[in-house]
């Protein structure tokens, strides 16, 4: 697409496309359609359900588990193989289910295209499907139309187009057909261009199509979306990293055990191979993928109840790592509707919250009658500025129809960008005729000679003018859009009179200041985000003054931060490296394009920051997809932005993001607890078996290793994944890009707790040997092996209670508040005890019944495990983690 059509004179543009205002001929239109293709957006090739399912098995941990399944079958452990295989399938099913729910962003862009468009061909106006519009077509636009393609305006009548989906600016842009000589203008400043999928809110126009399909601004965004490389989430990085470390360690340890046992003649090579394989299977935390998936899935359910709808499972945890929230202004931080905030009348400036303009006042009648908005069953229809004036009275429960019924409109002069005024001529029930005018303050003051103060009309003095101009400046510096109001009694009026007759010698009445206001709950959400170590940014297509005012009101920036605001044109002067070096300086980005938003996100990501991007417009989609976590708006958001997002807010409430961040942090903490439990338990198993082998003691049989692994790993770990979470989750800074499951002391805890489990187990074994209950060596070793077998299993189950909090004491938390956890521990304990107490199981698991004294020794080891871990936590809280 030629980006400089706005710089060309109208006739030059028509000449470039070899067309006149009579339009293309049918023959020429058909040829161009065949040459250039239809006016549609390219769609990406869809992934089938089968492909989605296969993709789930490309993870290294899943591959290891599949190998473990085969090995388990080879050594005859079908039940363990079945459990592992079920875990893998469950994980894959969850992933496919979440992906299947996601809409395709390009498809959503296609659905936005208007179905029919009016064009002039062969000099005749006709209606054709929008996808049949081609380059050079003359399209006719009027209020209510959606622009079918990018086009250069060649004739306009009071045209306004709402372009917020592309520019982020909430106020409709005034359009004209005049040539613009300035180079390098952004979309929002190209006043003589109309862009695909924007909405005509006022006036009429004719335009020549300059870009169709993928050539349009929307098409470029579609290309940016499809070209964005999918980022790997921190959770996926964590699991991939952990999987690689575990796989190497497990294989190395299994190989050492096999070689040592074989070379020392402990067992036959085949028996040692079975032992080594069993150890490898036991050491693999096969429950981890299921725990991660289930914890994330439960997190999505919790978040959906809080109006945050998750489209991709890893997004739950990623949101919890967020360090930067780059938020679109319009519709996200603000309400996306113009609202009257301040009123100046009778020489007084008042907040609407403190002052109610009487419906009987002259200013009220001008606001209501010099207004072309319409009340419909779906609400107010018309220019947002005019609908805001009517909404002001509706919000006060005033009967606007009463004023309209008391007056008859005789004539009107529509607003245009040259006059910057709009007038209506009305007649009341007494026959009095008057013109009512609203418009730009500077223009209206030049046409005003008198002022109405408390119903008394007098000459307008320089003092009055100075006060009005000072008030206008005061309102403008708050980024309010200011309108002035005046009227003039008339002796007579007729249709289509000259505007100059109605808009001269006016009587000034007052001013209104309007703005798209911030959402009331957002300021508190911004404050909470900052207290949680998250930096909120505002990124908008709106003007700098408006963006700065809203950011100040929300607390995103302070008054002593004059350099915190930067515009898109200023961004263009910075190279990517300069932006990267200075990005920390800026908190508000105004008048930006889609490309700017992507640059901003990437600049923060280059500092290893986890970036969440919120947005609702088409222009936000590329940045939503580029960001680590894209947050779309469910109500005001376009289907494109929802399709590109990872999470969609059902209530469009910025505060919901903070709630979702808290949930994300709790999800990660729960996964971290499960990882701590699983890896410390598995380390305990590996060390125990290794030391038994090196000490030339009797070692656990494969069936014993696998049974401990089966009954203690899965359900308790999953139960830890559904804990309520730490109460102070939002009182800490984000853990950052480089944080892993082993951060925050978890890695060291895994090591010492695994060693502790092993030493306590071996200690029980040694006690059984040194203080035997029986006299024969066979019985002594059988007792020792049985006691250490039960001890290892029970140590792991008791340790699950320690893992309910990484640093807090289990005695300061609600230890038994998680019913699922309680049942999981009870069920696992019963399954472990069944090997001893159920007849027939003794022989199957090669164990024997124990007496009371032996059970007391096992119980003492279990209690000692809990006590030692609690003491270590206490020391940690007193030294390293003092705020816990």
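The criterion of at least 2 residues that are at pLDDT 90 or above and in the same structural domain as residue 545 (by TED's automatic domain parsing) is met by the following helices (runs of 4 or more DSSP H) wholly inside region 562-642: 568-572, 576-582, 594-605.
Note on region 189-204: residues that are out of contact with any strand residue (DSSP E or B) (no Cβ under 7 Å at 6 or more places or on another chain) and either buried (at least 22 other Cβ atoms within 10 Å of the Cβ) or in the same structural domain as residue 590 (by TED's automatic domain parsing) (or both) amount to 1. Out of all the residues in region 817-837, is one or more assigned to a loop (DSSP other than H, G, I, E, B) and at pLDDT below 90? Within region 817-837, one or more residues are assigned to a loop (DSSP other than H, G, I, E, B) and at pLDDT below 90. Can you find a residue in region 803-810 that is at pLDDT below 95, at negative phi and either part of a helix (DSSP H, G or I) or over 48 Å from the mean Cα position of the chain (by Cα) (or both)? Taking every residue of region 803-810 in turn, none turns out to be at pLDDT below 95, at negative phi and either part of a helix (DSSP H, G or I) or over 48 Å from the mean Cα position of the chain (by Cα) (or both). Of the helices (runs of 4 or more DSSP H) lying entirely inside region 327-440, those containing at least 1 residues that are under 26 Å from residue 145 (Cβ atoms) span 384-395. Among the residues examined, residue 510 qualifies as buried (at least 24 other Cβ atoms within 10 Å of the Cβ), at pLDDT 90 or above and either under 20 Å from residue 564 (Cβ atoms) or not assigned by TED's automatic domain parsing to the domain that holds residue 329 (or both). Residue 571 fulfils the conditions (1) in contact with a helix residue (DSSP H, G or I) (Cβ under 7 Å, 6 or more places away or on another chain); (2) closer than 19 Å to residue 187 by Cα; (3) without any contact (Cβ under 8 Å) to a residue 12 or more places away in the chain except for a single criterion, (3).
Within the group 409, 362, which residue is over 30 Å from residue 648 (Cβ atoms) and either buried (at least 17 other Cβ atoms within 10 Å of the Cβ) or outside the structural domain of residue 485 (by TED's automatic domain parsing) (or both)? When all the criteria are applied, what remains is 362.
Answer with yes or no whether residue 850 is in contact (Cβ under 8 Å) with a residue 60 or more places away in the chain and surrounded by fewer than 20 Cβ atoms within 10 Å (Cβ to Cβ). Against the criterion (in contact (Cβ under 8 Å) with a residue 60 or more places away in the chain and surrounded by fewer than 20 Cβ atoms within 10 Å (Cβ to Cβ)), residue 850 qualifies. Residues that are more than 36 Å from the chain's Cα centre (by Cα) and free of Cβ contacts under 8 Å to residues at least 60 places away in the same chain within region 502-522 comprise 504, 505, 507, listed in sequence order. In the set 484, 476, 493, which member is at pLDDT 90 or above, in the same structural domain as residue 444 (by TED's automatic domain parsing) and surrounded by 15 or more Cβ atoms within 10 Å (Cβ to Cβ)? Going through 484, 476, 493 in turn, the sole match is 484. Checking the structure you have, find out if any residue of region 815-835 is over 25 Å from residue 703 (Cα atoms), assigned by TED's automatic domain parsing to the domain that holds residue 726 and surrounded by 16 or more Cβ atoms within 10 Å (Cβ to Cβ). So far as region 815-835 goes, yes, one or more of its residues are over 25 Å from residue 703 (Cα atoms), assigned by TED's automatic domain parsing to the domain that holds residue 726 and surrounded by 16 or more Cβ atoms within 10 Å (Cβ to Cβ). Tell me, yes or no, whether region 749-763 has at least one residue that is within 34 Å of the chain's Cα centre (by Cα) and in contact (Cβ under 8 Å) with a residue 60 or more places away in the chain. Yes, region 749-763 contains a residue that is within 34 Å of the chain's Cα centre (by Cα) and in contact (Cβ under 8 Å) with a residue 60 or more places away in the chain. Residue 486 - would you say it is assigned to a strand (DSSP E or B) and in contact with a strand residue (DSSP E or B) (Cβ under 8 Å, 6 or more places away or on another chain)? When the stated conditions are applied, residue 486 passes them. Taking the criterion of being touching a strand residue (DSSP E or B) at 6+ places or on another chain (Cβ under 8 Å), within 14 Å of residue 345 (Cα to Cα) and exposed (fewer than 11 other Cβ atoms within 10 Å of the Cβ), no residue of region 452-473 qualifies.
When residue 394 is tested against (1) within 19 Å of residue 344 (Cβ to Cβ); (2) modelled with pLDDT of 90 or more; (3) within 42 Å of the chain's Cα centre (by Cα), exactly one condition is not met: (1).
The values are calculated or read from the model by the stated rules, or taken from the named source; none is laboratory data. If you're wondering where the values come from, they're calculated on a predicted model, not measured in any experiment. FYI the Cβ positions are ideal-geometry reconstructions off the backbone, even for glycines, and counts take in every protein chain you see.
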